[in-house]
Amino acid sequence: MFQKIPYIRQSLTLQLILWVGLILLGSISIWAYMNIKYHERTATRHTIDEADRLGNTIRLGAHYAMMLNSRDDINQITNNIGRQPEIRNIRIFNKAGEIKFSSVREEVGKTTDIRAEACIICHRDSPPLEMVNLPERIRVLNSPEHGRLLGIISPIYNESGCAEASCHYHPAGKVVLGALDVVVSLEKMDLEILAHEKRMIALAILIFLAIASIITVFFYNVVNRPIQKLIAATRLIGQGRYDHTIDWAREDEIGQLALAVQQMGRQIAGKEEELNKQRDQYQNLFEQVPCYITVQDRDYRILTYNQETARQFNPQPGEYCYRTYKG
């Protein structure tokens with residue numbers, strides 16, 4: 001991926017930093033995402049539990065008022081609780097889908113389509129379901145005025161007190177008398193989740209920058225500087241300075257490489273000294289041998305000659321050999 005950028009391609013340290021940085025960024029991003037999602041699930045579950053607990057409280061209070069046949073008390077319960085900022089609506093339906101009590105007075109007496117909205121949860125089958133688990137009784141609504149809303153509908157079951165009451169008893173065979181629908185706003189929860197997301201993103205950025213800075217300093221001191229010293233040492237060896245010593249006391253791979261470079265320099269120095277001795281011996285032999293010796297190219301031009309040839313023929317470099325020998 002980085003091979004198309006010359007500067008990055010020429011820097012091992014920069015490539016390491018970039019690769020480690022990408023892996024670190026991916027890991028921190030996954031961690032932040034999982035943390036945000038966990039917080040969102042926790043906040044949602046807490047809101048659902050609170051709304052369900054509120055619905056049970058309203059249902060129990062309404063049950064006592066129903067046993068006393070006190071419609072005013074039921075109205076007071078729905079209206080007073082419905083005044084709380086987070087609560088958008090509280091409705092009590094009868095079996096036919098008629099709204100008998102509501103925190104919004106204009107809704108009282110209206111009949112809701114039992115195949116739509118909240119009623120469909122139980123009335124999607126025929127006969128209607130009598131027992132529905134909490135996750136199936138939850139719905140999330142989007143309101144242009146109030147944003148996201150959470151609705152929980154709870155069946156109101158027929159109990160022995162209702163079936164045996166002398167005021168307005170219900171047949172014992174009727175299991176479900178109606179339903180209680182509580183709709184609460186998710187605005188506060190959404191704001192908390194959004195604030196948590198911002199905090200997590202800021203924290204992830206700070207952690208990334210801090211760790212990336214530490215990694216950069218680490219690679220610069222542990223990798224880049226030692227490699228630059230090794231490069232300088234090899235260049236000095238290339239210039240013939242074999243006595244250069246790398247000041248290093250490390251036992252890791254880079255330290256072993258530095259030791260190998262120093263040993264290579266010493267071995268090259270020894271080989272060069274040996275070659276120089278052999279060259280001097282050859283030169284002495286070439287000059288002192290008591291015979292005529294010349295070195296010629298393919299065109300028989302003299303390139304060099306020994307002292308004996310020079311005394312006898314006095315040749316000139318580049319001269320044809322046959323002219324030199326014939327005088």
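The values are calculated or read from the model by the stated rules, or taken from the named source; none is laboratory data. Just so we're clear, the structure is a prediction, and the values are computed from it rather than from any experiment. Cβ coordinates were reconstructed from backbone atoms using ideal geometry, including for glycine residues, and neighbour counts include every protein chain displayed.
When you look at A204, is it within 26 Å of L18 (Cβ to Cβ) and outside the structural domain of A260 (by TED's automatic domain parsing), yes or no? It is true that A204 is within 26 Å of L18 (Cβ to Cβ) and outside the structural domain of A260 (by TED's automatic domain parsing). Among the residues of segment 148-187, those that are at pLDDT 85 or above and of a type outside the set (A, V, I, L, M, F, W, C) comprise R148, G151, D181, S185, E187.
Please work out which residue is modelled with the lowest pLDDT, limiting yourself to segment 132-147 and to residues that are assigned to a loop (DSSP other than H, G, I, E, B) and in contact with a strand residue (DSSP E or B) (Cβ under 8 Å, 6 or more places away or on another chain). Of everything passing the filter in segment 132-147, V132 is modelled with the lowest pLDDT. Checked against the criterion of being without any contact (Cβ under 8 Å) to a residue 40 or more places away in the chain, surrounded by 13 or more Cβ atoms within 10 Å (Cβ to Cβ) and either closer than 30 Å to L12 by Cβ or in the same structural domain as L16 (by TED's automatic domain parsing) (or both), the candidates Q262, Q307 yield just one match: Q262.
Looking only at segment 98-115, residues that are at pLDDT below 80 and surrounded by 16 or more Cβ atoms within 10 Å (Cβ to Cβ) come to 2 in all.
Being over 30 Å from D190 (Cα atoms) and surrounded by 14 or more Cβ atoms within 10 Å (Cβ to Cβ) is the filter here; which residues of segment 77-97 pass it?
N94, K95, G97
Of all the listed residues (A51, A43), the sole one being touching an Asp or Glu at 6+ places or on another chain (Cβ under 8 Å), in a helix (DSSP H, G or I), at pLDDT 80 or above and in the same structural domain as R137 (by TED's automatic domain parsing) is A43. Of all residues in segment 265-302, those satisfying the criterion of being farther than 27 Å from T324 by Cβ and in contact (Cβ under 8 Å) with a residue 12 or more places away in the chain are G265, R266, I268, A269, E272.
Among the listed residues R279, R235, which satisfies the condition of being more than 30 Å from S11 (Cβ to Cβ) and of a type in the set (D, E, K, R)?
None of the others qualify; the one that does is R279.
Each residue in segment 272-294 was checked for being at pLDDT 85 or above and surrounded by 11 or more Cβ atoms within 10 Å (Cβ to Cβ), and 0 pass. Contact map, segment 129-148: first residue under 18 Å from T44 (Cβ atoms) and among the hydroxyl-bearing types (S, T, Y), second residue at pLDDT 80 or above and surrounded by 13 or more Cβ atoms within 10 Å (Cβ to Cβ), Cβ cut-off under 9 Å, separation 6 or more or different chains; pairs are S143/R88; S143/L149; S143/S185.
Test I36 against the stated conditions and say whether it is under 15 Å from G151 (Cα atoms) and aliphatic (A, V, I, L, M).
No; evaluated as a whole, the condition is false for this residue.
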